[in-house]
Amino acid sequence: MLQRIARMPWVIAYGNWLFKYRNAVFPLVMVALFLGFRPVLWRGSLAADAWLDGLGLVVALTGQGLRAAVIGYAYIKRGGVNKRIHADQLVTEGLFAHARNPLYVGNLLILAGLFIIHNHPAVYMLGGLYFVSAYIAIVAAEERFLSDKFGGAYDDYCRRVPRWLPDLRGLRDTLGQMEFNWRRVVIKDYASAYTWMMTALLIFAYEGMAPAGWRMRRGCLVLALAAALTLVFVVVRVLKKRRLLREAA
């Protein structure tokens, strides 16, 4: 049933619209969710909630690790050209040999981690429904484009490789034949990583304003981490702009 819905013209049209405007729409949705609903402390205390925050960070970092692996081994230009879906070639190596949308799976894990840190039932429900449906629509639009452009080669790829959940069989052999490009990871993903990590820190700060009370140690730690992340972001950006950090050594 889900596959039939994904093939509907309006879903594909919505996916193309989201692909074009997601850099504006997705942050607005996140801001609306996190400002509209106050974070909920697990068991009503900052001390107990630290365990849930830790779980959220692990989930988000898992998503970031997946993104890094995808970009480091076989990068695919997910931004398109002129904000439209585009592909010069069909990328099927690296993590794409085991899942067709590993970058989006990484994104959803990062979002899930942020929702766990926030821990409001409405954010779980509304945020989960919105972003899952949004990525389903974007993938539907991309699949239509790729099928039209690459025809039987893409259809064969779809038959061999699952859309979402990775097939880990042979993963070690796949990655063992490739070289990991850490420079490309830093250049391509530093801004995204900075954004979600700063979002997590803002949630931590917001939690500190809950009725349980603000703790000075927590506030100082949040400020120190935010300053460190911002410093790293600025340094990487400057190195990139001055062409001192490139994909190839």
Provide the packing ranking of 237-247, 59-69, i.e. peptides ordered by the mean count of other C-beta atoms within 10 Å per residue, highest first.
59-69, 237-247
Taking the Cα-to-Cβ direction at E93 and at V132 and moving 7 Å from each Cα, how far apart do the two end points lie in nm?
3.5 nm
In nm, to one decimal, how far is the C220 label point from the K83 one, both placed 7 Å along Cα→Cβ?
4.5 nm
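For L35 and A122 in the same chain, what is the full-extension length gain: residue separation times 0.36 nm, less their Cα-Cα distance, in nm?
Gain in length upon complete extension: 30.1 nm.
Using just the helices of the chain, give the 222 nm mean residue ellipticity in deg cm²/dmol: DSSP H runs with n ≥ 4 each add -39,500 (n - 2.57), and the total is spread over all residues, rounded to 500.
Numbers: 9 runs with 168 residues, N = 249.
Rounded to the nearest 500, it is -23000 deg cm²/dmol.
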What full-extension length gain, to one decimal in nm, is calculated for V235 and T62 as 0.36 nm per residue of separation minus the Cα-Cα distance?
59.8 nm
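If you take the beta carbon distance between W164 and A205 as r and set R0 to 30 Å, what does 1/(1 + (r/R0)^6) give as a FRET efficiency, to the nearest 0.05? Display every interim value, and only then the final one.
On the way: r = 33 Å, r/R0 = 1.11.
The calculated FRET efficiency here is 0.35.
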Final fewest-first order of Y104, Y157 on the 10 Å Cβ neighbour count is Y157, Y104
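With a cut-off of 8 Å between alpha carbons and a minimum separation of six or more residues, what is the relative contact order of the chain in percent? Display every interim value, and only then the final one.
Working: 263 pairs, mean separation 68.0, N = 249.
Here the relative contact order equals 27 percent.
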Starting from 0.36 nm per residue, how many nanometres of slack lie between D155 and F180 once their C-alpha separation is accounted for?
6.2 nm
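Just order 181-192, 162-173 by mean Cβ neighbour count inside 10 Å, highest at the front, would you? Provide the component values of the computation, followed by the final result.
Details: 181-192: 16.8, 162-173: 11.8.
Going by the mean number of other Cβ atoms within 10 Å, highest first, we get 181-192, 162-173.
Computed from the coordinates by the stated procedures, all read-outs in this text should not be read as laboratory data. Since the structure is predicted, the reported quantities are computational estimates derived from the model, not experimental observations. Positions of Cβ are backbone-derived with ideal geometry, glycine not excepted, and every protein chain shown enters the neighbour counts.
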